[in-house]
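**Student:** Starting off with a structure, shown below.
Just so it is clear, none of the values below were taken in a lab; they were calculated from the coordinates. All of these numbers come straight from a predicted model, not from anything done at the bench. Here Cβ is always computed from backbone atoms with ideal geometry, including for glycine, and neighbour counts include all displayed protein chains.
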Amino acid sequence: MSQYFAKLDENNVVVHVAVVTKEFLDANPDRYQGRWVETFFDTEGKTYAGIGFVYDEAAQDFVAPVVPVVEEK
């Protein structure tokens, strides 16, 4: 069974997303260095992580980055 994991940087920002089982991730610490958090695809109430998303510890969910709107003149 595949699972989805997001690699976080020191600011809880997603820098990579991988499809891998928890067992494989744990068995290969040299390949999967750093902090990895499970993310859920098609699960109600959970946001699938993407590059640049921020992991919210309290909610145990990912928040999409806010992109400023630039108005044309």
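**Student:** Quick one: what are the phi-derived ³J(HN,Hα) couplings along region 14-31, Karplus 6.51/-1.76/1.60 with θ = phi - 60°, whole Hz, x for glycine and proline?
**Tutor:** Along region 14-31, the couplings run 6, 10, 6, 10, 10, 9, 7, 7, 4, 5, 5, 4, 5, 7, 10, x, 6, 7 Hz.
**Student:** Something else now. Between THR43 and ARG31, what is the label-point separation in nm under the 7 Å Cα-to-beta-carbon projection?
**Tutor:** Going from the ARG31 label point to the THR43 one covers 2.2 nm.
**Student:** Could you tally the net charge around VAL54, taking each other residue with its Cβ under 15 Å from the Cβ of VAL54, Lys/Arg +1 and Asp/Glu -1?
**Tutor:** Numbers: positive: LYS7, ARG35, LYS46; negative: ASP9, GLU10, ASP56, GLU57, ASP61.
In short, -2.
**Student:** For Rg and Dmax of the Cα atoms in Å, one of (i) 14.1, 55; (ii) 11.6, 35; (iii) 11.8, 33 was computed from the structure I shared and the rest are decoys. Which label?
**Tutor:** Looking at Rg and Dmax of the Cα atoms in Å for this model, the match is (i).
**Student:** Relative contact order for the chain using alpha-carbon pairs under 8 Å, separation at least 6, rounded to a whole percent? Intermediate results must be reported in sequence, preceding the final value.
**Tutor:** Values: 119 pairs, mean separation 21.6, N = 73.
Once normalised by length, the contact order is 30 percent.
**Student:** Name the residues whose placed amide hydrogens come within less than 5 Å of the amide hydrogen of ASP61, ignoring near sequence neighbours (fewer than 5 apart) on the same chain.
**Tutor:** Those qualifying (amide H under 5 Å, at least 5 residues apart or on another chain) are ASP56.
**Student:** Work out the length of the dipole vector of the chain about its Cα centre, built from +1 on the beta-carbon of each Lys and Arg and -1 on the beta-carbon of each Asp and Glu, and round it to the nearest 20 debye. Kindly include the intermediate steps, with their values, before the conclusion.
**Tutor:** Values: 6 positive and 13 negative charges, 37 e Å.
For this selection, approximately 180 debye.
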